[in-house]
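One structure coming up, written as structure tokens, with questions to follow.
The values are calculated or read from the model by the stated rules, or taken from the named source; none is laboratory data. On a predicted model such as this, the values are computed, not experimentally measured, just so you know. Positions of Cβ are backbone-derived with ideal geometry, glycine not excepted, and every protein chain shown enters the neighbour counts. Just the protein is used for accessible areas: all its heavy atoms, side chains included, with ligands, DNA and RNA removed. Shrake-Rupley method; radii C 1.70, N 1.55, O 1.52, S 1.80 Å.
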Amino acid sequence: MKLAYALLASTLLTTVAAAPPASNAALDARIAKLAAQEESKVIAWRRDLHEHPELGNHETRTAGIVAAHLKSLGIEVKTGVARTGVIGILKGGKPGPVVALRADMDGLPVTESNSLSFMSKAKATYNGQEVGVMHACGHDSHVAMLMGAAEVLSQVRKDLPGTVKFIFQPAEEGSLPGEEGGAKLMVKEGALENPKVDAIFGVHIQAQTEVGKLSYRSGGEMASSDVFNIVVKGKSAHGAYPWLAVDPVVTAAQIIMGLQTIVSRQTELTSDAAVITVGMIHGGVRNNIIPEQVELTGTIRTLDKDMQQKIWAAIRRTATNIAESAGATADVSIQNYAPVTYNNPQLTELMVPSLRTAAGADKVSVQKAVTGAEDFAYFQEKVPGFFVFVGGMSKGTDPATTAPHHTPGFMLDESGFTLGVKTLATLAADYLALKQ
């Protein structure tokens, strides 16, 4: 999940309190007890997955472990969904609605710098380069926690008035170039159908939030994520004679600076946050040759559809006009990776008491929206969804000193995993009870 530095800056706001759903209190208590009993298993699963990470659409080992575990619990299993995705279907002892729980499975092209006994030494090829592979965003913990929740819920299945669908999703961090994948492909291939899902829940571990705490936001919680590509075309010449060229390097530099003014001078930031970041620049092969073209690639983050469309238009206008002023051209393409992660307000209001049941009222907080993105949003476009953050930082630690998501030193406190298991299972059981 593209949480990275954005979540580090997330400020928790008000702590809220309310009574848990009384009708399901006894079952919730059983779930809490069973979740605690799962702790050692969940930690062992996570450590194994952490040591053997796999990039998006290549999670074959991970998928095999998940499928085998679900089958051992007597859960109906579908494999090969969206390439390597796994779906488990647990039918409760009574008729009722269908609720889905989701975990993402993929690692990142990051070389781990931690000195753990189970640190990743995996290698892979990404964008034509050999890279290290690491679970640098906690997806290993998500898989382990959902495996734990599946085991917990399988032990109380006779008391569940409905069906729980477990969705283990590949490629949340994006597919390799030229491949389709992730939540969008899972939706396309019917992950929310047969049986049709009524609501979906997901959690994300957060390395800058203390263990034992949960946070959420109603409405727009995480930003949309768009990828832009700008190809600046000029005229090549010897580096000693720049007047004979139309220099795409200088033009690209001017475009990069121009893009920054879109956010700082053209966007109403009092409404919602926005980000434009150039992450890659490619151009030239030699120090004394002005190349014919330079390619810029970057990301756009917005929390509002109108703002998103305005920024798209501003990027095209800025790049095109700056290039034209230099006698060059700029070809601009923009693709949407993920929509806004939008927590359905009605579902959020209904399920917040379940968070308090799982963590305790004083451990549940509302947070500001963040500019990280999550393709869980594709599920939320089809059915009401609720996405929650689970603390993974050791108590008493300064968040500013902990390694952010997507970095080589990313680290989690494993004592926070039990709350993730309990939260997933409680949300599912309470939803079924409330909607029967």
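Looking at Thr125, is it more than 25 Å from Leu427 (Cβ to Cβ), of a type in the set (Val, Ile, Thr), open to solvent by 40 Å² or more (accessible area, probe 1.4 Å) and not in a loop (DSSP other than H, G, I, E, B)?
Details: more than 25 Å from Leu427 (Cβ to Cβ): yes; of a type in the set (Val, Ile, Thr): yes; open to solvent by 40 Å² or more (accessible area, probe 1.4 Å): yes; not in a loop (DSSP other than H, G, I, E, B): yes.
Against the criterion (more than 25 Å from Leu427 (Cβ to Cβ), of a type in the set (Val, Ile, Thr), open to solvent by 40 Å² or more (accessible area, probe 1.4 Å) and not in a loop (DSSP other than H, G, I, E, B)), Thr125 qualifies.
A further question follows. Does Gln335 qualify as being open to solvent by 70 Å² or more (accessible area, probe 1.4 Å), touching a strand residue (DSSP E or B) at 6+ places or on another chain (Cβ under 7 Å), of a type outside the set (Lys, Arg) and at pLDDT below 95? Spell out the reasoning first.
Details: open to solvent by 70 Å² or more (accessible area, probe 1.4 Å): yes; touching a strand residue (DSSP E or B) at 6+ places or on another chain (Cβ under 7 Å): yes; of a type outside the set (Lys, Arg): yes; at pLDDT below 95: yes.
Criteria met by Gln335.
Please go through (1) modelled with pLDDT under 95; (2) buried (at least 24 other Cβ atoms within 10 Å of the Cβ) for Phe417 and return the number of the only condition it doesn't satisfy.
Of the numbered conditions (1) modelled with pLDDT under 95; (2) buried (at least 24 other Cβ atoms within 10 Å of the Cβ), the odd one out for Phe417 is (1).
Given the conditions (1) of a type in the set (D, E, K, R); (2) assigned to a strand (DSSP E or B); (3) crowded, with 23+ Cβ neighbours inside 10 Å, and given that Glu130 satisfies all but one, which numbered condition is not satisfied?
Every listed condition holds for Glu130 apart from (3).
Confirm whether Tyr431 is outside any loop (DSSP other than H, G, I, E, B) and either open to solvent by less than 30 Å² (accessible area, probe 1.4 Å) or free of Cβ contacts under 8 Å to residues at least 40 places away in the same chain (or both).
Numbers: outside any loop (DSSP other than H, G, I, E, B): yes; either open to solvent by less than 30 Å² (accessible area, probe 1.4 Å) or free of Cβ contacts under 8 Å to residues at least 40 places away in the same chain (or both): yes.
Yes; evaluated as a whole, the condition is true for this residue.
Within segment 290-313, work out how many residues are open to solvent by less than 20 Å² (accessible area, probe 1.4 Å) and among the small types (Gly, Ala, Ser).
Selection size over segment 290-313: 1.
Right, here's the next one. Among the residues that make up segment 98-108, is at least one of them of a type in the set (Lys, Arg), within 25 Å of Arg157 (Cα to Cα) and touching a residue at least 12 places away in the same chain (Cβ under 8 Å)? Reasoning before the result, please.
Residues of segment 98-108 of a type in the set (Lys, Arg): 102.
Now drop any that are not within 25 Å of Arg157 (Cα to Cα), which leaves 102.
Restricting the remaining residues to those that are touching a residue at least 12 places away in the same chain (Cβ under 8 Å) gives 102.
Scanning segment 98-108, I find at least one residue that is of a type in the set (Lys, Arg), within 25 Å of Arg157 (Cα to Cα) and touching a residue at least 12 places away in the same chain (Cβ under 8 Å), so the answer is yes.
In addition: Quick check: anything in segment 397-412 of a type in the set (Val, Ile, Thr), open to solvent by 20 Å² or more (accessible area, probe 1.4 Å) and assigned to a strand (DSSP E or B)?
No, the conditions are met nowhere in segment 397-412.
Which one is most open to solvent (accessible area, probe 1.4 Å) among residues in segment 346-380 that are within 18 Å of Val197 (Cα to Cα) and out of contact with any Lys or Arg (no Cβ under 7 Å at 6 or more places or on another chain)?
Filtering segment 346-380 for residues within 18 Å of Val197 (Cα to Cα) gives 346-348, 350-351, 375-380.
From what's left, out of contact with any Lys or Arg (no Cβ under 7 Å at 6 or more places or on another chain): 346-348, 350-351, 377, 380.
Details: Gln346: 130, Leu347: 10, Thr348: 4, Leu350: 60, Met351: 0, Ala377: 1, Gln380: 24 Å².
Among those residues, the one meeting the criterion is Gln346.
A follow-up question, please. Can you find, within segment 381-396, the residue that is nearest to the chain's Cα centre (by Cα) among those that are outside any loop (DSSP other than H, G, I, E, B) and surrounded by fewer than 24 Cβ atoms within 10 Å (Cβ to Cβ)? Please lay out each step first, then the result.
Step one: filter segment 381-396 for residues outside any loop (DSSP other than H, G, I, E, B), giving 381-382, 385-393.
Checking which are surrounded by fewer than 24 Cβ atoms within 10 Å (Cβ to Cβ) leaves us with 381-382, 393.
On the way: Glu381: 15, Lys382: 17, Met393: 18 Å.
The qualifying residue nearest to the chain's Cα centre (by Cα) is Glu381.
Just checking, how many residues over segment 248-279 are closer than 16 Å to Glu324 by Cα and open to solvent by 40 Å² or more (accessible area, probe 1.4 Å)? Before you say what the answer is, go through the steps one by one.
Taking segment 248-279 and keeping what is closer than 16 Å to Glu324 by Cα, we get 248-259.
Adding the requirement that they be open to solvent by 40 Å² or more (accessible area, probe 1.4 Å) leaves 249-250, 253-254, 257.
Count: 5.
A follow-up question, please. Quick check on my filter: what residues within segment 153-181 are more than 21 Å from Phe410 (Cα to Cα), part of a loop (DSSP other than H, G, I, E, B), in contact with a helix residue (DSSP H, G or I) (Cβ under 8 Å, 6 or more places away or on another chain) and open to solvent by 10 Å² or more (accessible area, probe 1.4 Å)? Walk me through it before giving the result.
Kept after step one, since they are more than 21 Å from Phe410 (Cα to Cα), are these residues of segment 153-181: 153-169, 175-181.
Now drop any that are not part of a loop (DSSP other than H, G, I, E, B), which leaves 155-156, 160, 175-181.
Adding the requirement that they be in contact with a helix residue (DSSP H, G or I) (Cβ under 8 Å, 6 or more places away or on another chain) leaves 155-156, 160, 175.
Those that are more than 21 Å from Phe410 (Cα to Cα), part of a loop (DSSP other than H, G, I, E, B), in contact with a helix residue (DSSP H, G or I) (Cβ under 8 Å, 6 or more places away or on another chain) and open to solvent by 10 Å² or more (accessible area, probe 1.4 Å): Gln155, Ser175.
Here is a follow-up. Tell me the residue from Thr125, Thr84, Thr111 that is without any contact (Cβ under 8 Å) to a residue 24 or more places away in the chain and of a type in the set (Ser, Thr, Tyr), please.
Working: Thr84 fails: without any contact (Cβ under 8 Å) to a residue 24 or more places away in the chain; Thr111 fails: without any contact (Cβ under 8 Å) to a residue 24 or more places away in the chain.
None of the others qualify; the one that does is Thr125.
Taking segment 382-436 as the region of interest, how many residues are in contact with a Leu (Cβ under 7 Å, 6 or more places away or on another chain) and basic (Lys, Arg)?
1
Out of all the residues in segment 56-92, which are more than 30 Å from Ala433 (Cα to Cα) and charged (D, E, K, R)?
Glu59, Arg61, Arg83
Restricting to segment 358-380, name every residue that is in a helix (DSSP H, G or I) and hydroxyl-bearing (Ser, Thr, Tyr). Please lay out each step first, then the result.
Residues of segment 358-380 in a helix (DSSP H, G or I): 358-359, 361-363, 377-380.
The answer is Tyr378, and nothing else.
Which residue is nearest to Ala124 (Cα to Cα), if the candidates are limited to segment 35-53 and must be outside any helix (DSSP H, G or I) and open to solvent by less than 60 Å² (accessible area, probe 1.4 Å)? It would help to see each step written out before you state the result.
Initially, segment 35-53 is screened for residues outside any helix (DSSP H, G or I), giving 38, 52-53.
After this cut, where a residue has to be open to solvent by less than 60 Å² (accessible area, probe 1.4 Å) as well, the list is 38, 53.
On the way: Glu38: 32, Pro53: 10 Å.
Restricting to residues being outside any helix (DSSP H, G or I) and open to solvent by less than 60 Å² (accessible area, probe 1.4 Å), the top hit is Pro53.
Let me ask something else. State whether one or more residues within segment 143-152 are under 16 Å from the mean Cα position of the chain (by Cα) and open to solvent by 10 Å² or more (accessible area, probe 1.4 Å).
no
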